[in-house]
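Contents: one structure, followed by commentary.
The values are calculated or read from the model by the stated rules, or taken from the named source; none is laboratory data. As the structure is a computational prediction, the values presented were derived from the model and not from experiment. Cβ sites come from the backbone with ideal geometry, for glycine too, and all protein chains shown count toward neighbours.
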Amino acid sequence: MIVVPFDITRYKKELVYIGNSFIRHIYRTFTYEALCVRRYTSFQHKQHEHENQKLSQVSALQDRFKGNCTIKQLVKHGLLAEAFQLIKNMEIHDVYSWTALLSGYVNHGKAYEALNFFCCMQKESVVPTNVTFISALKACTLSLSLDWGRRIHAFIVFSELEYDVYVVSCLVDMYAKCGSIKDAAHVFSRLILRNVVSWSTMISGYVKEGQGATALGLFMQMQTEKVAPNEVTLASSISACALIPSLGKGQEIHHYSICCGFDSDNVVKNKLIDMYMKCGYVDEAQNVFDGSDKHELTAWNTMIEGYAQHGHGREAVQLFQQMIKKGVKPDKSTFLSCLKGCIQLQEKETGECIFTYIQNSDVKMDAVLGSSIINMFARCGSLENAHRVFKLLHERDVIAWTIIITAFFDHGDAEEAFRLFDQMRQARVLPDKFTYNRMINACVSLSDFRRGKKLHADIIANKLQVDTTVGSSLVDMYANFGDLEKAQEVFDSLQEKDIIAWNAMVAGYVQHGDSKHLYSLFNQMHQAGITLDKVACMSILSAYNHWGLVDEGYQLVGLLTLDPGSRMISEHCSCFIDLLGRAGHLNDVGQLIGKMPFQPSPADWMSLLGACKLFGNTGIAKTTSEKLQELQPYSAASYVLYSNTVDVDD
């Protein structure tokens, strides 16, 4: 900045005697710019406002250079409307006029207006410079306008600037931040000179897309090409390690950052804490945290969140207390993490202290924070406090309503849950699938078929029946009410059937003794490639045992043996042993016990001994009794049962 004395007239008079007109012109232009600087840097004085605008508009119309200088000063001090008005009044405006205006709007966060000015330039056939393109691309990044970015990219190629390192670096940044990582990679691959900024942008872009391994690969390639990383590169690479997670690579980068002196950088330090927490190394995260005397709020939040995520509620709350003692003001993220810690502790008093602090802080208790407080009190067994906080909330979204409804349902008050659900509908808050799931469970709990059917109609009206979770709950509800036809109808309407839906149908047919439909359903599961879980297997085997369906039992056990996704457990074997024993297949029981993947329990041997008594097989009974005596030498039950078996045979 050129400092101009206040009395400019004296210097102008001296220049009259200088015969060189060029020197005179240079003096005029630079004096004018300096005067603009002097005027506009003191713009806070309202009395100069009218004078400044008049000076700018009158003088700038006479000289394009002066006009451009004025535009720069206006946008610099946030006078965007005045700058735009000036460019409209200028008889001639060039690329520098537009670029100054465009970059000024971008710097003040007015991205859409800046892009509009870029259009105006094109209409006036003004050819952009590399600086213009950089500002336009920044506007695209700011507004996340991918379509606009692609148009400007095409214009850059047309203008033969696609190899300008600064323009292309901005292109990479724009594509990465607008979520088009493939386009960013394509542009990056064509870069002749890749600087640390372009490398860092690509690594950061891959991290944001959740592609941690690719980001790390790029970091390694960067080192191979001997490009020295900066703190931004290291921070993004550490985040990539947290995504995978890769403790080994994270430790390598940590060591590298220490060697380069970047470990003291706050962003790098915070990313290291986060990486160690994500990798499950809580102590290492604490060591990084303790390595500095002064911490930013982000570091505190990362530590508290990490402790809460790993189930260390006590440490999370204690760290929060330390933070308060240090005079660091918590934000919404701090409170959300701390509330998770309170839930783990199950301490109502601690939760009340945190809630009091929230009320006395500057943090607004919005729907998200309010819902977390309600959930904390409900999970800590303080339903009264949960309801009180719910009433205090000015913003009650579907999550807040669902949490309070769930709280009353979980505490055994399904009627109050229904009352709150009705209030929710009156407040014109649309329930989501989680709300409906809770209400369906409440209907089952109350055995209220009428309300259940009404809920189903409501779900259809809101087009949520096709949702797998809601549909599965409806299947379970109708099966519990004994309406298997309706349960099957809802089940068949589901486009995607999860294991919960299959299990609900299985339980329904088992409960109502419908062996024909159960067998058909089992075959459907097999054909659909559904891996039976232990709950479904146990339900089906128990039903087959009850109905004496030996062949079907063999089929199921054979499937469990062959299917790598399924796993037989001792309860399955015990149930099948009982089924075979009741049917008189005693030799098969003996073979099954010999081939079981785990030791048969005394109850299994007793089941076989009971079957021997039922069918009078003293030979197998003797072997079974001897085995039981080895396992339970002091148990009289096996002696008595064997004795009764022999007596029956005699």
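Any residue at all in the stretch 418-426 that is more than 28 Å from K391 (Cβ to Cβ) and surrounded by 14 or more Cβ atoms within 10 Å (Cβ to Cβ)? Spell out the reasoning first.
So the first thing to find is which residues in the stretch 418-426 are more than 28 Å from K391 (Cβ to Cβ), and the list is none.
No, the stretch 418-426 contains no residue that is more than 28 Å from K391 (Cβ to Cβ) and surrounded by 14 or more Cβ atoms within 10 Å (Cβ to Cβ).
Does any residue in the stretch 420-443 that is under 16 Å from V466 (Cβ atoms) come within less than 7 Å, Cβ to Cβ, of a residue that is in a loop (DSSP other than H, G, I, E, B) six or more places away or on a different chain, and which pairs are these?
K433/L464; K433/D467; Y436/L464
In the list E284, E296, E352, E315, which residue meets the criterion of being closer than 30 Å to F409 by Cβ and surrounded by fewer than 22 Cβ atoms within 10 Å (Cβ to Cβ)?
From the options E284, E296, E352, E315, the qualifying one is E352.
Which members of the stretch 123-149 meet the condition of being farther than 17 Å from L161 by Cα, part of a loop (DSSP other than H, G, I, E, B) and hydrophobic (A, V, I, L, M, F, W, C)?
Once the filter is applied, which keeps residues that are farther than 17 Å from L161 by Cα, part of a loop (DSSP other than H, G, I, E, B) and hydrophobic (A, V, I, L, M, F, W, C), the stretch 123-149 yields only L144.
Look through the stretch 264-280, keep the residues that are out of contact with any Asp or Glu (no Cβ under 6 Å at 6 or more places or on another chain) and surrounded by fewer than 19 Cβ atoms within 10 Å (Cβ to Cβ), and return whichever of them is nearest to Y307 (Cα to Cα).
Step one: filter the stretch 264-280 for residues out of contact with any Asp or Glu (no Cβ under 6 Å at 6 or more places or on another chain), giving 264, 267, 269-275, 277-280.
Cutting the leftovers down to surrounded by fewer than 19 Cβ atoms within 10 Å (Cβ to Cβ) gives us 264, 267, 280.
Numbers: S264: 22, V267: 19, G280: 10 Å.
Selected residue: G280.
Mind telling me which of the residues L586, L614, L592, L608 ends up being more than 19 Å from C537 (Cα to Cα) and either acidic (D, E) or in contact with a Cys (Cβ under 9 Å, 6 or more places away or on another chain) (or both)? Don't jump to the end; show me each part of the working.
Details: L614 fails: either acidic (D, E) or in contact with a Cys (Cβ under 9 Å, 6 or more places away or on another chain) (or both); L592 fails: more than 19 Å from C537 (Cα to Cα); L608 fails: either acidic (D, E) or in contact with a Cys (Cβ under 9 Å, 6 or more places away or on another chain) (or both).
The match here is L586.
Only residues that are part of a loop (DSSP other than H, G, I, E, B), more than 14 Å from A139 (Cβ to Cβ) and touching a Ser or Thr at 6+ places or on another chain (Cβ under 9 Å): list them for the stretch 160-187, please. Can you show your working first?
Pass one, the stretch 160-187, residues part of a loop (DSSP other than H, G, I, E, B): 160-164, 178-180.
Adding the requirement that they be more than 14 Å from A139 (Cβ to Cβ) leaves 160-164, 179-180.
Within the stretch 160-187, just L161 meets the criteria.
In this structure, does S237 turn out to be touching a helix residue (DSSP H, G or I) at 6+ places or on another chain (Cβ under 7 Å), of a type in the set (S, T, Y) and in a loop (DSSP other than H, G, I, E, B)?
Values: touching a helix residue (DSSP H, G or I) at 6+ places or on another chain (Cβ under 7 Å): yes; of a type in the set (S, T, Y): yes; in a loop (DSSP other than H, G, I, E, B): no.
Taking the combined requirement at face value, the residue does not satisfy it.
Given the conditions (1) in contact (Cβ under 8 Å) with a residue 24 or more places away in the chain; (2) assigned to a helix (DSSP H, G or I); (3) out of contact with any Leu (no Cβ under 9 Å at 6 or more places or on another chain); (4) farther than 19 Å from G205 by Cβ, and given that N116 satisfies all but one, which numbered condition is not satisfied?
(1)
Tally the residues that are touching a Phe, Trp or Tyr at 6+ places or on another chain (Cβ under 7 Å), within 16 Å of S493 (Cβ to Cβ) and either aromatic (F, W, Y) or at pLDDT below 90 (or both), restricting the search to the stretch 434-479.
Of the residues in that region, 1 qualify.
Would you pick out the residues in the stretch 387-417 that are surrounded by fewer than 18 Cβ atoms within 10 Å (Cβ to Cβ) and touching a Leu at 6+ places or on another chain (Cβ under 7 Å)?
V398, H411
Within the stretch 225-262, can you find the residues that are touching a residue at least 24 places away in the same chain (Cβ under 8 Å) and acidic (D, E)?
E225, E231
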